[in-house]
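Participant: I am attaching a structure below and will ask some questions about it afterwards.
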Amino acid sequence: MKKILAILLAGMMTATALVGCGGGDSSSKADDSKSGNGSSNAAKIEGSIVDKAYFGDEGTDAKPITLKVWAPDAAVGLVKKQVESFKKAYPDIKFKKIDVVAQGESDAATQILNDASAAADVFSFPSDQLNKLIDAGVLAPVAKGFVDTVTSENSEDTIKSATALNKKTKEDTLYAYPETNDNGYFLVYDKSVVSADQAQTLEGVLEACKKAGKKFIFDAGDGFYACTFAFTGGVKIDGLESDGVTQKFVKYDEDEAVATLQAFAKLIKKYKGTFTSLNVKNVASGFKNGTAGAGVDGSWDTKVNKEALGDNFGAAKLPTIKVGDKDKQLFSMFGYKYIGVNGSSQFPNAAQIFALYLTGEDCQQQRTEELGWGPSNLNVQKSDLVTKSEVLNAISEQAKNACVQVNIASTFWTPMGNLGNKLVADDCKPDDAAAMKKLLQDTIANVRDEG
């Protein structure tokens, strides 16, 4: 009788905690629930460890767990160690294997949409890919029993950006586990080349690098970074139009935007050979081989940049640029990173439990310690690791001058990258206001797919 009651209890706990875990047809379980994201489905969780009953029939001798995990290159080694810690936390659960595979976060959605059944069970992705994954029906919502824990432990903005209307239930639903609160870029510089004062202005950075015979590296051909040219001029995005597809822009002064593009083009032309458009990975390698004096990079490369520069490592928000007689703060893109669960996973319970573990306080602290990533976890955010971090403070300051990377049209990135490429091209004529105006208008039209 005791065994029977134990089995029944375990089954009830699993059903309660993981209702709504699956994607596709399995998400209908969440549709039948009247409790939404409420506490009535709260799981028994200590830290990021849950009662083993939530694995259900997964992790038994008959069904040992197999998971594939996608992680960015810089995090693969750490995630592998976290996998081993996860296994040790559940000694009574049978694991066949958990493979950690390098996969760029920016390509995660594309790879999953190509073949969800062959993709990772658990994966990392940036905030702008959320709606694409939801619309395709490949992303399993956060297990309802875990929602309260995830919501209470992470910053409000990361929760808000991962919440969307469930078209079936007509309820707001949390679709992913917050992983970082730092998906933006900032100025990284060699303190022996660029002073703290010079780092405040783009003119100062470029002059210092030129004097030292070093490069300033900015990935002008990548829309994620190149949107800075337009954003700084006031051409900022504001989600999607009512059709849910077309990029929406705030109202802006076209003359001001054109003048700002001209100011960028003039500096690029003046400091030709110093201002260098290269893939962001070249920032760290440039520091290492002594060819770079400064660059624009993100916290994901903090470890390698610090290793390359040592005591000369410097970080600051993006600088200003002089437009006419005004110093304008460079405006950027800023977002968050999440851990998602594939709705096609053959081990949906284990995938949800592992996603919760990876985004728990301990794992987020490890990523901050070893990789320099900015945590979404509220407790880790209060630690000295964050409050005394030159990098994370720079990101926090820059986030005040950024568009949030949510609800980005798929047509946004390429035209912005093309804008950057044309500004750095040898045949660009900064004094030709008419040509610059046409370049701006064509860019906006292409983003809105009106071309």
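Since every read-out is calculated from the coordinates, none of them should be taken as a lab result. These numbers were taken from a predicted model, which means no experiment stands behind them. So basically every Cβ, Gly included, is an ideal-geometry build from the backbone, and we count neighbours across all protein chains shown.
Participant: Is there a pair in LYS44/LYS81; LYS160/LYS251; LYS160/LYS438; LYS328/LYS388 whose C-alpha atoms are over 30 Å apart, and which pairs would that be? Can you show the working numbers first?
Facilitator: Working: LYS44/LYS81 25 Å; LYS160/LYS251 25 Å; LYS160/LYS438 37 Å; LYS328/LYS388 27 Å.
Violating the 30 Å limit, Cα to Cα: LYS160/LYS438.
Participant: Of all the Cα-Cα pairs you can form in the stretch 379-428, what percent are over 12 Å apart? Before the final figure, lay out each step's value.
Facilitator: Working: 919 of 1225 pairs.
I get 75 percent for the Cα pairs in the stretch 379-428 exceeding 12 Å.
Participant: What ranking, highest mean first, results for peptides 240-252, 396-408 when packing means the other Cβ atoms within 10 Å averaged over each residue?
Facilitator: Details: 240-252: 12.8, 396-408: 19.5.
Ranking the peptides 240-252, 396-408 by packing returns 396-408, 240-252.
Participant: Also: For the stretch 73-178, which semi-axes, largest first and in whole Å, follow from the square roots of 5 times the eigenvalues of its Cα gyration tensor? Can you show the working numbers first?
Facilitator: Working: eigenvalues 117, 70, 40 Å².
One finds semi-axes of 24, 19, 14 Å for the stretch 73-178.
Participant: Using the beta-carbon distance between LYS160 and LEU385 and R0 = 30 Å, what value does 1/(1 + (r/R0)^6) give for FRET efficiency, to the nearest 0.05? Write down the numbers at each step before the final one.
Facilitator: Numbers: r = 24 Å, r/R0 = 0.81.
For LYS160 and LEU385, the calculated efficiency is 0.80.
Participant: Run the helix sum for the chain: -39,500 (n - 2.57) per DSSP H stretch of 4+ residues, divided by residue count, reported at 222 nm to the nearest 500 deg cm²/dmol.
Facilitator: Values: 19 runs with 186 residues, N = 451.
The helix-only estimate for the chain comes to -12000 deg cm²/dmol at 222 nm.
Participant: What is the angle, in °, between the Cα long axis of helix 413-424 and the longest principal axis of the Cα atoms in the chain? Nearest 10 is fine, range 0 to 90.
Facilitator: Computed tilt is about 20 degrees.
Participant: If you count, for each residue, the other Cβ atoms within 10 Å and average over each peptide, how do 334-345, 218-229, 409-420 line up from highest to lowest?
Facilitator: On the way: 334-345: 26.2, 218-229: 24.0, 409-420: 20.0.
Descending packing order for the listed peptides: 334-345, 218-229, 409-420.
Participant: Hey, another quick one. What lysines could a cross-link reach from LYS288, if we take a straight Cα to Cα line under 17 Å and drop same-chain neighbours fewer than 8 places away?
Facilitator: Answer for LYS288, where 17 Å is the Cα cut-off: LYS191, LYS214, LYS215, LYS303, LYS306, listed by chain and number.
Participant: If you scale each eigenvalue of the Cα gyration tensor by 5 and take the root, what three semi-axes come out for the chain, rounded to whole angstrom and sorted largest first?
Facilitator: 43, 24, 17
Participant: Something else: What ranking do 99-106, 276-283 get when scored by the average of other Cβ atoms within 10 Å per residue, highest first? It would help to have the intermediate numbers written out before the result.
Facilitator: Numbers: 99-106: 16.2, 276-283: 18.6.
Going from most to least packed, we get 276-283, 99-106.
Participant: Could I ask something else about it? Compute the relative contact order of the stretch 340-441 as a whole-number percentage, counting only Cα pairs closer than 8 Å that sit 6 or more residues apart in sequence.
Facilitator: Values: 41 pairs, mean separation 11.4, N = 102.
Contact order relative to length: 11 percent.
Participant: Going toward the positive end of the dipole of the chain, with +1 on Lys and Arg Cβ and -1 on Asp and Glu Cβ, which of GLY298, ILE93, THR260 do you reach last?
Facilitator: Final value for the positive-end residue is ILE93.
Participant: Give me the percent relative contact order of the stretch 260-401, please, defined on Cα pairs under 8 angstrom at least 6 residues apart. Provide the component values of the computation, followed by the final result.
Facilitator: Numbers: 123 pairs, mean separation 34.0, N = 142.
This gives 24 percent for the stretch 260-401.
Participant: Too long at a 26 Å Cα-Cα cut-off: which of LYS281/LYS317; LYS96/LYS281; LYS88/LYS132?
Facilitator: On the way: LYS281/LYS317 19 Å; LYS96/LYS281 35 Å; LYS88/LYS132 35 Å.
With Cα atoms farther than 26 Å apart: LYS96/LYS281; LYS88/LYS132.
Participant: What's the Cα-based Rg to Rh of the stretch 309-435, Rh via Kirkwood?
Facilitator: Values: Rg = 20.1 Å, Rh = 18.5 Å.
Answer for the stretch 309-435: 1.08.
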